[in-house]
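Written below as structure tokens is the structure these notes are about.
Rule-based calculations on the coordinates, nothing more; no lab input. Keep in mind it's a predicted model, so treat the numbers as computed, not measured. Quick reminder, even Gly has a Cβ in these numbers, built from the backbone with ideal geometry, and neighbours come from all protein chains shown.
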Amino acid sequence: MPTSLAVKPSATGRTIIKFPQIGNVFEDFEAIANAIAQRAFDMFQSRGTNGLDLDDWFRAETELLKPMPIEMSEADDGYTLRAEVPGFGAKDLDVRVEGSSIYIHGKSEQKKEEKKGKEVKYSEVSANELCRRIDLPSAINPDKVSATLTNGVLELNLPKATPPKTIEVKAA
């Protein structure tokens with residue numbers, strides 16, 4: 001069962017991510033895939049049929065999802081993962097841990113509006129979304145995962161799960 005991380009601001013200016021909720025990451029990925037498919041189909045329809053279906057899909061994907069570079073290091077007791085998420089705040093991020101996989105999803109929307117009297121003279125809305133699944137080489141302990149968000153960098157500390165203890169059976 002996946003564990004979801006909620007992002008909370010701390011008094012130190014760093015943002016700490018805690019584990020309160022359980023969610024279904026597959027529904028999130030399905031919604032993203034459906035949005036990409038719809039955008040790709042819209043491009044296909046507007047252009048007509050000429051064999052560029054895959055190009056439409058890739059273009060829709062790059063329009064809807066922003067890249068998320070990561071850096072991962074491994075120590076004896078766990079992994080440290082740093083993901084660049086500039087422009088995303090604590091409330092915009094959803095991080096989930098399941099077995100040996102990490103799911104990072106972020107969605108933010110900024111609105112800018114200038115009014116002159118009661119009439120809107122200028123309005124701009126921009127939305128960013130990112131989504132990434134990272135598979136780790138071994139299982140981690142989701143109860144001990146910690147994370148911080150500082151200056152657009154999400155850092156996850158992922159302790160490795162302890163292997164099951166083997167008990168030697170002795171004859172009586």
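List the pairs from K66/K111; K91/K111; K66/K107; K91/K112; K91/K116 whose alpha-carbon separation is above 21 Å, in the order I gave them.
Among K66/K111; K91/K111; K66/K107; K91/K112; K91/K116, the Cα-Cα distance tops 21 Å for K91/K116.
Highest mean first, the peptides 79-86, 110-117 sorted by other C-beta atoms within 10 Å per residue fall in the order 79-86, 110-117. Take every Cα pair under 8 Å whose residues are at least 6 apart in sequence, average their separation, divide by the length of the range 47-169, and the relative contact order is 26 percent. Compactness check for the range 66-117: Cα Rg over 2.2 N^0.38 Å is 1.66.
Net charge around G78, counting only other residues with Cβ within less than 11 Å of its Cβ (Lys, Arg = +1; Asp, Glu = -1)? Combined, the nearby Lys, Arg, Asp and Glu give -1.
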